[in-house]
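The values are calculated or read from the model by the stated rules, or taken from the named source; none is laboratory data. Quick caveat, the model's predicted, so the values are computed rather than measured. Note: ideal-geometry Cβ built from the backbone for every residue, glycine included; neighbour counts use all protein chains shown.
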Amino acid sequence: MLFYLVFFFSLLTGIVDMSLIGSYRLRGVLLLNSAIGNRLLRASSLLLRSDTINIANINQRFAHATNTLVNFVPQQEAWVVERMGKFHKILEPGFNLLIPLIDRIKYVQSLKEIAIEIPQQGAITLDNVQLQLDGVLYLRVVDPYKASYGVDDPEFAITQLAQTTMRSEVGKISLDTVFKEREQLNVSIVEAINKAADPWGLQCMRYEIRDMTMPVKIQEAMQMQVEAERRKRAAILESEGRRDAAINVAEGEKRARILASEAAMQQQINEAQGEAEAIMMRANARAAGIKKVSEALSGKGGDDAAALNIAEQYVSAFGQLAKQTNTVIVPSNVSDASSMVAQALSVYKQLTKSANAPLS
C-alpha cells in the first residue's frame, strides 16, 4: 500500500521518468530495479505541488513541461499537448487536468512579445552602394499550433527571413532614399516578414534598423558633399545679406530724396502763398489809399490840395532827374503856367509808373 502511495505522489510531482523503468511484470506486484527504488524513496518526502513547473530558459522555443495530472499554465503561455504522439489540444492559462503517461506536454509557447537581434549583413542599394546593416526584430506568437508544427526553429527561421527581406527591400531603393525614408523601409520589411511568417504562427510587430555602415570612400564622398552643401549655403546667405543691405541703402536714399523733394515743394508753396498774400495786402493798401485820395479830392478844397501836391511832386521830380536816366522834354516857354502844370503832371505820371513797376 505504501508503495502505490509513493508511486501516485511521484506521478503528481513529475518526478517519475518512464525511461528509468528497467522492466516490469504484471503479476499483482510491480518489480523495479534498485535505482528506481532509491529515487522513489527520495521522492516520498515531497508534497503535492499546486503551482506550475518552472521553465529553465524562457527564451527556449521548444521547452518541455512535465505532466503532473494537475497542471497550472502561467499567464501569457500556451502549452501544446499531444495524446499518444498526436496533437490533442492547447492548454489555456489557469487550471488544467491531463492524464499521466498518455498526455504529454510537447511544446511550451510564450505569447509575450520578444526581441531578436538580427546580425549584421551586407546589402546593395539600387545605385550599387554596399551597406552593412543590422537590426532588432520584435515578434510574438499568435498561433501556438502553427508555431509548434509549422517550422522546426521559429527564431532561426524568422531571423533568416528578416535578413533576406532586408536585403531585398534595400535593393529596391537608392542610398539617399535609405537615409530619407528609413521609417518607410522598416514598415516595408515588417509587411514582407508578416506575409511570409503567417504559416509559422508568428507576427512581426516592428523592425528597427539599428546600425548602418558604409564603405570608407562613400563616407568620404558624403562628407565632401556635406561640406560643399554647407559652403553653398554660406555663400547664398552671404549674397542674400549683401543684397538685403543694398536694398536697404537704396530704400533709405529713395526715402531721403522723397522727403527732400516734399520739403522743397512745401517751401515753394509757402513762399508762393506768402508772396500772394503780400501782393494782396499791397493791392488792398493801394486801393484804400486811392479811395482816400478820391474822397479827399471830391471834398471842399480838394482841387487846391491836388494842385499843391502836384507842384510838390513836380519840384521833387526835377530833383530826381539827376538820379535817373529818364529823358524829360522841357517846354521852351517856361512862363506858361498851364504848360508847366501839364509838364509836372507828365513827370508825376512817369515817376508813378516807375514806382509801381515790378522789380526784375
Could you tell me which numbered condition Leu126 fails, if it satisfies all but one of (1) of a type in the set (A, V, I, L, M, F, W, C); (2) in a loop (DSSP other than H, G, I, E, B); (3) under 30 Å from Glu92 (Cβ atoms)? (3)
Single match in Glu191, Glu227 (criterion: in a helix (DSSP H, G or I) and surrounded by 12 or more Cβ atoms within 10 Å (Cβ to Cβ)): Glu191
Can you find a residue that is closer than 30 Å to Ala78 by Cβ, surrounded by fewer than 19 Cβ atoms within 10 Å (Cβ to Cβ) and either of a type in the set (Phe, Trp, Tyr) or more than 31 Å from the chain's Cα centre (by Cα) (or both) anywhere in the stretch 201-222? yes
Only one of Asp176, Asp143 is buried (at least 17 other Cβ atoms within 10 Å of the Cβ) and of a type in the set (D, E, K, R). Can you tell me which? Asp143
Can we say Asn71 is at pLDDT below 90 and either among the aromatic types (Phe, Trp, Tyr) or not in a strand (DSSP E or B) (or both)? no
If you go through the stretch 104-116 one residue at a time, how many are loosely packed, with under 12 Cβ neighbours inside 10 Å and part of a strand (DSSP E or B)? 1
Which pairs have Cβ atoms under 7 Å, sit 6 or more apart or on different chains, and link a residue in the stretch 141-156 that is on the phi < 0 side of the Ramachandran plot and among the charged types (D, E, K, R) to one that is surrounded by fewer than 18 Cβ atoms within 10 Å (Cβ to Cβ) and in a helix (DSSP H, G or I)? Lys146/Pro199
So, in the stretch 92-103, how many residues would count as being part of a strand (DSSP E or B) and under 51 Å from the mean Cα position of the chain (by Cα)? 1
Flag for Ala157 being in contact with a Pro (Cβ under 6 Å, 6 or more places away or on another chain) and among the small types (Gly, Ala, Ser): no
What are the residues in the stretch 187-216 that are free of Cβ contacts under 8 Å to residues at least 24 places away in the same chain and of a type in the set (S, T, N, Q), if any? Ser188, Asn194
Does any residue of the stretch 141-156 turn out to be in a strand (DSSP E or B) and touching a strand residue (DSSP E or B) at 6+ places or on another chain (Cβ under 9 Å)? yes
Of the residues that make up the stretch 178-186, is at least one part of a helix (DSSP H, G or I) and farther than 30 Å from Tyr138 by Cα? no
May I ask you to list the residues in the stretch 149-173 that are farther than 26 Å from Lys112 by Cα and surrounded by 14 or more Cβ atoms within 10 Å (Cβ to Cβ)? Arg167, Glu169, Val170, Ile173
